[in-house]
Amino acid sequence: MRFDVITLFPELFAPFQSIGVTRRAFETGAVDVRLWPLRDHADGTYRRVDDRPFGGGPGMVMLVEPLVRCLSAIRSDQAAAAAPRLPVVLFSPAGKPLTQQRVQHLAQGPGAVLLCGRYEGIDQRFIDAHVDEEISMGDYVLSGGELPALTLIDAVARLQPGVLNDVASHEQDSFSDGLLDCPHYSRPEVLSLPEQGEGASVEAAVPPVLMSGHHAHIARWRREQQLAITARRRPELIEAARARGELSKQDEHFLSQLAL
Ligand SMILES: C[S@@+](CC[C@H](N)C(=O)[O-])C[C@H]1O[C@@H](n2cnc3c(N)ncnc32)[C@H](O)[C@@H]1O
């Protein structure tokens with residue numbers, strides 16, 4: 001799959017191409033990321049990409065013309081590579097909040113053109129003419145769309161075959177089955193941890209069921225931990241799983257006994 005990223009700050013993407021899971025996604029060719037520095041498509045000595053807003057007010061607005069030229073260069077490049085015409089995604093606080101469901105859907109597709117806004121945002125006429133989808137990272141304001149683009153690429157890249165060492169690890173992640181993840185433990189079996197503000201220490205042991213070797217009991221314990229954590233922290237996700245018919249009788253019985 002391929003992402004064409006329109007950005008004023010291409011240098012922000014360098015670390016992701018050289019570290020961890022995203023590096024593997026780029027190296028194996030599972031994800032092809034092409035950066036399109038917007039200033040390369042701007043006019044004049046100052047290579048201007050923004051101007052003051054009509055109607056007054058603070059801040060600057062990203063100009064339509066450099067964006068149109070940049071998108072046209074991307075379309076030519078996609079055509080030369082016999083790649084499909086990818087949809088244009090704009091990152092914006094006014095977009096639809098990104099969910100794991102949307103990420104899974106994007107991960108199965110051919111990719112997208114990712115448009116990173118800066119300043120007050122983008123001239124609405126470009127959005128009306130060229131943007132297919134607006135995606136938000138949540139109800140807060142960042143200074144640019146680069147971190148949202150990196151977030152989306154990371155979330156999609158780790159779902160590509162061969163990118164994670166163990167495919168089961170993303171199948172168990174939060175939201176994959178609509179619930180939050182269960183707690184995880186590793187060595188040693190028992191730890192001595194200092195109590196906060198005290199000289200004494202407390203013993204912290206791994207839940208015994210995880211040491212039992214009984215796979216069905218472990219699976220049930222994990223499921224119940226997921227149900228308990230989700231019910232306490234994100235009850236609306238339990239309601240959604242119930243509405244999709246994804247809670248068994250055993251799940252419902254466990255939830256009915258749970259002290260919230
Ligand atoms: C300073 S923000 C512009 C905020 C805009 N004036 C508003 O109030 O909605 C600059 C750019 O950062 C990106 N951005 C900021 N917050 C975001 C969020 N929560 N989700 C997605 N993109 C965001 C967008 O691309 C936006 O065009």
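The values are calculated or read from the model by the stated rules, or taken from the named source; none is laboratory data. As the structure is a computational prediction, the values presented were derived from the model and not from experiment. Ideal geometry is used to build each Cβ from the backbone, glycine not excepted, and the neighbour counts take in all protein chains shown.
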Check your understanding: What are the residues in segment 143-172 that are in a loop (DSSP other than H, G, I, E, B) and crowded, with 16+ Cβ neighbours inside 10 Å, if any?
Key -> G144, G145, R158, L159, Q160, V163, L164
Exercise for review: Show the residue pairs that are 6+ apart or on different chains and have beta-carbon atoms under 8 Å apart, the first residue being within segment 133-151 and free of Cβ contacts under 8 Å to residues at least 60 places away in the same chain, the second being β-branched (V, I, T) and assigned to a strand (DSSP E or B).
Suggested key: E133/V88; E133/V89; E134/V89; I135/V89; P148/I135
Review point. Under 9 Å by Cβ, and 6 or more places apart or on different chains, what pairs join a residue from segment 36-59 that is away from the ligand (no atom under 16 Å from the Cβ) with one that is among the small types (G, A, S) and part of a loop (DSSP other than H, G, I, E, B)?
Key: R48/A42
**Study point:** Close pairs from segment 86-105: first touching a residue at least 60 places away in the same chain (Cβ under 8 Å) and under 15 Å from I153 (Cβ atoms), partner part of a strand (DSSP E or B) and among the basic types (K, R), Cβ under 7 Å, at least 6 apart
**Key:** L86/R2
Check your understanding: If you take the residues in segment 101-142 that are buried (at least 16 other Cβ atoms within 10 Å of the Cβ) and away from the ligand (no atom under 12 Å from the Cβ), which one is nearest to G57 (Cα to Cα)?
Key -> H130
Review point. Just wondering, is there one or more residues in segment 165-182 that are hydroxyl-bearing (S, T, Y) and more than 30 Å from A30 (Cβ to Cβ)?
Key: no
Check your understanding: Checking L86 against (1) among the hydrophobic types (A, V, I, L, M, F, W, C); (2) away from the ligand (no atom under 16 Å from the Cβ); (3) in a helix (DSSP H, G or I), which test does it fail?
Key -> (3)
Point to revise | Criterion (at pLDDT 95 or above and more than 27 Å from V31 (Cβ to Cβ)) met by exactly one of L260, L152, L255 | key: L255
Revision key, fill the gap. Of the residues in segment 174-225, those that are closer than 30 Å to G245 by Cβ, part of a loop (DSSP other than H, G, I, E, B) and touching a residue at least 24 places away in the same chain (Cβ under 8 Å) come to S174, F175, S176, D177, G178, L179, L180, D181, C182, P183
